[in-house]
Amino acid sequence: MDKILLAVVGLPGAGKTEATQYLVEKTKWEKIYFGQGVIDEVIRRGQEVNEANERTVREDLRKQHGVGAMAIINMDKIKRLYEAGNVIIESMYSWEEYLELKKQFGGAFKVLAVYSSPQVRTRRMSGRAVRPLTAEELVSRDYSQIENLHQAGPIARADFTIINEGSLEDLHKNIDAVMLKLHEG
């Protein structure tokens with residue numbers, strides 16, 4: 001089997017983090033969290049790591065590098081880890097990031113979209129312990145991520161899509177089925 005670079009994508013509350021955690025535990029593949037580049041820059045600037053500072057840095061990086069900024073600033077790390085084996089990307093959002101990774105890795109770059117309906121995601125997000133969102137906040141965030149980050153593109157062009165509206169065990173079974181397909185061809 002050739003090496004794989006797999007990005008897990010989806011709107012807030014769809015189950016990206018759960019899917020990524022399961023994949024990392026099951027496969028032992030290296031993981032790159034695109035948001036780490038933002039956190040590293042906040043720290044480099046001598047600022048406290050919090051939502052407001054992260055947002056400012058994210059916006060600054062995107063002004064400097066374009067909407068594909070997270071792929072660009074993480075590219076050296078991605079290539080280094082990929083040289084050693086398979087890699088999972090958490091928090092790839094934009095179409096421009098997708099295009100940058102497709103350009104660099106071609107057919108080795110695969111995308112797994114995790115989808116849940118707005119109703120299910122609203123229920124999940126309102127019950128979150130960390131950064132919970134109201135229904136109105138979730139709609140606002142969805143629109144912002146779709147319109148400003150062009151997040152719908154990677155979801156629409158995903159190589160695999162999982163509908164995640166059941167149990168955690170159902171999600172795991174669906175991921176296992178995707179991994180079988182991924183290894184087959």
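Laboratory data are not the source of any read-out in this text; all were calculated from the coordinates shown. The model shown is predicted, which means the values in this text are computed figures rather than measured ones. Cβ atoms come from the backbone with ideal geometry, glycine included; neighbour counts cover every protein chain shown.
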> To the nearest 500 deg cm²/dmol, what mean residue ellipticity at 222 nm is calculated for the chain from DSSP H runs of n ≥ 4 alone, each contributing -39,500 (n - 2.57), summed and divided by the residues?
Replying inline: -18500 deg cm²/dmol
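Would you mind checking the pairs LYS103/LYS173; LYS26/LYS110; LYS28/LYS102; LYS16/LYS181 and listing those with alpha carbons more than 29 angstrom apart?
On the way: LYS103/LYS173 31 Å; LYS26/LYS110 18 Å; LYS28/LYS102 23 Å; LYS16/LYS181 19 Å.
Pairs exceeding the cut-off: LYS103/LYS173.
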> Sequence-distant or interchain residues sharing an amide H contact under 5 Å with GLU90, placed H: which?
Replying inline: ILE32, TYR33, PHE34
>> Which one, VAL114, VAL42, VAL87, has the greatest fluctuation when you compute a Gaussian network model over the chain with C-alpha springs under 10 angstrom?
In response: VAL42
> Just for the Cα atoms in region 81-151, what are the lengths along the principal axes, largest first, rounded to whole Å?
Replying inline: 41, 25, 18
>> Just want the ordering: VAL139, VAL57, VAL8, from fewest to most Cβ atoms lying within 10 Å of their own Cβ.
In response: VAL139, VAL57, VAL8
>> Could you tell me how far the Cα centroid of region 169-185 sits from the Cα centroid of region 88-151, in Å?
In response: 20 Å
> What do the square roots of 5 times the Cα gyration tensor eigenvalues come to for the chain, in whole Å, largest first, as semi-axes of the equivalent ellipsoid?
Replying inline: 24, 22, 15
> Taking 0.36 nm per residue of separation and subtracting the Cα-Cα distance, what length does fully extending ALA129 through THR56 add?
Replying inline: 23.9 nm
> Please identify the chymotrypsin sites (Phe, Trp or Tyr not before Pro) of region 34-140 that satisfy two criteria: DSSP loop assignment and at most 15 other Cβ atoms within 10 Å. Which are they?
Replying inline: none
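Tell me the net charge near ARG121. Cut-off is 12 Å between Cβ atoms, ARG121 excluded, with +1 for each Lys or Arg and -1 for each Asp or Glu. Mind showing how you got there, number by number?
On the way: positive: LYS16, ARG123, ARG124, ARG128, ARG141; negative: GLU137, ASP142, GLU165.
Once positives and negatives cancel, what remains is +2.
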>> Residue by residue through region 136-143, what is 3J(HN,Hα) from phi via Karplus (6.51 cos²θ - 1.76 cosθ + 1.60, θ = phi - 60°)? Round to whole Hz and write x for glycine and proline.
In response: 5, 5, 5, 4, 4, 5, 4, 4
>> Can you give me the long-range amide H partners of VAL111? Hydrogens built in the peptide plane at 1.01 Å from N, cutoff under 5 Å, separation of 5 or more residues or another chain.
In response: ALA7, ASP159, PHE160
> Taking region 96-183, which trypsin sites (Lys or Arg not before Pro) meet the DSSP loop condition and have no more than 10 other C-beta atoms within 10 Å?
Replying inline: none
> In 10 Å bins starting at 0, how do the alpha-carbon pair distances of region 128-185 split up by percent?
Replying inline: 19, 31, 39, 11, 0
> Using a basic spin-label model with each label point 7 Å from the Cα along Cα→Cβ, how many nm lie between THR17 and GLN36?
Replying inline: 1.7 nm
> Given N residues in region 1-95, what is Rg(Cα) / (2.2 N^0.38 Å)?
Replying inline: 1.13
>> Using 0.36 nm times the number of residues separating LYS103 and LEU180, minus their current alpha carbon distance, what extension gain do you get?
In response: 25.2 nm
